[in-house]
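*Asks:* Next up is a structure, given as structure tokens.
Coordinate-derived values only; no laboratory data. All values reported here derive from a predicted model rather than from experimental measurement.
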Amino acid sequence: MDKRPKRRKDKYNPYTLCSEKGRYYVYFVDVNNRIQMVEVSKSVFETFIYLNLKIFSK
């Protein structure tokens, strides 16, 4: 796992970001209450982090 700023998790941002061995993942619970893991590109992963910091820095 990598080190990055902690993010707030709430009903509007119910996902978890994770990176392992150079791969980037987003975890979330779907409407059937199952945990889903989606592999995303590095640019999408960094965009998630950027938006979280921008939204919660207000």
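*Asks:* For region 26-38, in order, what is each residue's ³J(HN,Hα) by Karplus, 6.51 cos²θ - 1.76 cosθ + 1.60 with θ = phi - 60°, in whole Hz (x at glycine and Pro)?
*Replies:* Each residue of region 26-38 in turn: 10, 10, 7, 9, 7, 5, 8, 6, 10, 6, 10, 10, 10 Hz.
*Asks:* Using modelled backbone amide H atoms (1.01 Å from N, in-plane), which distant-in-sequence or interchain residues come within less than 5 Å of Tyr24's amide H?
*Replies:* The list, which skips near neighbours in sequence, is Val40.
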